[in-house]
1. Assess whether Gly14 counts as being farther than 20 Å from Pro146 by Cα, small (Gly, Ala, Ser), in a strand (DSSP E or B) and out of contact with any helix residue (DSSP H, G or I) (no Cβ under 8 Å at 6 or more places or on another chain).
2. Working only within the stretch 53-82, note down all residues that are surrounded by fewer than 21 Cβ atoms within 10 Å (Cβ to Cβ) and within 16 Å of the ligand (Cβ to nearest atom).
3. Collect the residues in the stretch 30-48 that are surrounded by fewer than 18 Cβ atoms within 10 Å (Cβ to Cβ) and of a type in the set (A, V, I, L, M, F, W, C), keeping them in residue-number order.
4. Picking from Val132, Val114, Val138, which residue would you name as being touching a Cys at 6+ places or on another chain (Cβ under 9 Å), on the phi < 0 side of the Ramachandran plot and within 16 Å of the ligand (Cβ to nearest atom)?
5. Kindly indicate the residue of the stretch 149-164 that is part of a loop (DSSP other than H, G, I, E, B) and surrounded by 20 or more Cβ atoms within 10 Å (Cβ to Cβ) and also farthest from the ligand (Cβ to nearest atom) among those meeting that condition.
6. If the requirement is being assigned by TED's automatic domain parsing to the domain that holds Ala120, at pLDDT below 95 and either closer than 30 Å to Leu183 by Cβ or in a strand (DSSP E or B) (or both), which of these qualifies: Gly19, Gly87, Gly31, Gly75?
Amino acid sequence: MSPTIVPRPSPNHGPRPVGMPVELLVLHYTGMPTAAAALARLCDPASGVSAHYTVDEDGTVYAHVPEDRRAWHAGVSTWRGAGDVNGRSIGIEIVNPGHEFGYRPFPAAQMDAVEGLCRAVMGRHGISAADVVAHSDVAPDRKEDPGELFDWPRLARAGIGLWPMPSREDQGPFDAAEVAALLTRAGYDAAAPRVLLAVQRRYRPAALTGVADSETVALLRALVRAMGR
Ligand SMILES: [Zn+2]
């Protein structure tokens, strides 16, 4: 079901690079004390930030920037070896105070709306499940959102993002070179100091160590296989 969309235009956008397809969907949390404060900031010309949409905790979806315009949500980010994530993505903000102001679970009504909106966006642009990313995936050293409480498994069941399920073939010894190669193939900046934390925040929220261990490596192997990369 597609959620109801309320116009709440932001002036913070520009043209997309000519000929660049929209190929990524970036999910964020707002990380501000209230929804009202987040909406005000995303629409304030002085803030220099925006997103295409914001999903409130009750499931209301606010539309800020037309999808054919470049919104300003990802900042300095890289994915699959290329920068200008804003130029080739749709950005969705999801209301949550975040780690700084009282991180809490995302309510069901909100997740229902996120799922419906993501489905619609992916359909319009032909975005694949493998190209739905967290802000923390594309900027692991700067960002933690939408964070370890976000229900990625639920979205993956709906075809939005991937949820790797390691099998026997994914177990076994590893070395640093393989970890770096897996990170790169999965789309990450393997040189980012906090990249493994970002992987765990998304795919192994129960243990955020930031260190390569056999379970994290098995998840990466399964992820790369699921991506067909
Ligand atoms: Zn973000």
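1. Numbers: farther than 20 Å from Pro146 by Cα: yes; small (Gly, Ala, Ser): yes; in a strand (DSSP E or B): yes; out of contact with any helix residue (DSSP H, G or I) (no Cβ under 8 Å at 6 or more places or on another chain): yes.
In short, yes.
2. In the first step, residues of the stretch 53-82 are kept if they are surrounded by fewer than 21 Cβ atoms within 10 Å (Cβ to Cβ); the result is 57-60, 63, 66-69, 72, 75-76, 78, 80-82.
Trp72, Gly75, Val76, Thr78 - these are the residues of the stretch 53-82 that are surrounded by fewer than 21 Cβ atoms within 10 Å (Cβ to Cβ) and within 16 Å of the ligand (Cβ to nearest atom).
3. Result: Ala36, Ala37, Ala40, Ala46.
4. Val132
5. Here is the first cut: in the stretch 149-164, the ones part of a loop (DSSP other than H, G, I, E, B) are 149-151, 158-164.
Subset that is surrounded by 20 or more Cβ atoms within 10 Å (Cβ to Cβ): 150, 160-162, 164.
Details: Phe150: 12, Ile160: 17, Gly161: 16, Leu162: 20, Pro164: 23 Å.
It comes out as Pro164.
6. Numbers: Gly87 fails: at pLDDT below 95; Gly31 fails: at pLDDT below 95; Gly75 fails: at pLDDT below 95.
So the residue among Gly19, Gly87, Gly31, Gly75 that is assigned by TED's automatic domain parsing to the domain that holds Ala120, at pLDDT below 95 and either closer than 30 Å to Leu183 by Cβ or in a strand (DSSP E or B) (or both) is Gly19.
The values are calculated or read from the model by the stated rules, or taken from the named source; none is laboratory data. Note that the structure is predicted; figures quoted are calculated from it, not measured. No Cβ is skipped: glycine too gets one built from the backbone with ideal geometry, and neighbour counts run over all protein chains shown.
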